[in-house]
1. Restricting to segment 74-87, name every residue that is in contact (Cβ under 8 Å) with a residue 24 or more places away in the chain and outside any strand (DSSP E or B).
2. I want to confirm something. Restricting to segment 38-68 and keeping residues that are among the polar types (S, T, N, Q) and farther than 14 Å from ALA16 by Cβ, which single residue is modelled with the highest pLDDT?
3. Could you pull out the residue among GLU90, GLU71, GLU11 that is acidic (Asp, Glu), surrounded by 12 or more Cβ atoms within 10 Å (Cβ to Cβ), at pLDDT 95 or above and not in a loop (DSSP other than H, G, I, E, B)?
4. List every residue pair whose Cβ atoms lie under 8 Å apart, where the two residues are 6 or more positions apart in sequence or sit on different chains, the first residue falls within segment 52-71 and is β-branched (Val, Ile, Thr), and the second residue, located anywhere, is exposed (fewer than 13 other Cβ atoms within 10 Å of the Cβ).
Amino acid sequence: MAEKKRTAVIELLAWATVFVGGDGSESREFSEEILPGDTIRAVLKRHSRRHRELDKALWDRGSDALSEHIEIAVNDALLGIKHTLESEVEDGDRIILMGQYMGG
């Protein structure tokens with residue numbers, strides 16, 4: 001019997017969708033397969049490599065450090081509260097990318 005694929009949902013909200021072909025007014029969801037031992041960083045790196053503009057916006061000059069322009073939540077908690085980039089991804093986790101809003 002084949003083992004069921006484990007997946008996480010990556011959702012981009014509002015203007016962050018422009019990095020994956022959206023128009024910035026809706027949300028976009030992607031199902032991402034989880035491999036054994038995958039961390040949030042690994043899943044996001046794999047996903048962003050398929051979307052060049054997202055890769056440029058998400059990572060600080062191609063490094064493993066996040067840029068400051070996109071906020072990340074995992075299962076409705078901002079990254080850094082219950083999870084870090086090194087947290088292991090579980091089947092069914094929801095990773096949400098939101099463009100940061102700045103005002104004056």
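The values are calculated or read from the model by the stated rules, or taken from the named source; none is laboratory data. In this text, all values refer to a predicted model and were calculated from it rather than measured experimentally. When we count neighbours, we look across all protein chains shown, and the Cβ atoms used for this are built from the backbone with ideal geometry, even at glycine.
1. Hits for segment 74-87 are LEU79, HIS83, THR84, LEU85, GLU86, SER87.
2. Taking segment 38-68 as the starting set, the residues that turn out to be among the polar types (S, T, N, Q) are 39, 48, 63, 67.
Filter again for farther than 14 Å from ALA16 by Cβ, leaving 39, 63.
Details: THR39: 97, SER63: 73.
Per the criteria, the residue is THR39.
3. Of the residues listed, the single one that is acidic (Asp, Glu), surrounded by 12 or more Cβ atoms within 10 Å (Cβ to Cβ), at pLDDT 95 or above and not in a loop (DSSP other than H, G, I, E, B) is GLU11.
4. ILE70/GLN100
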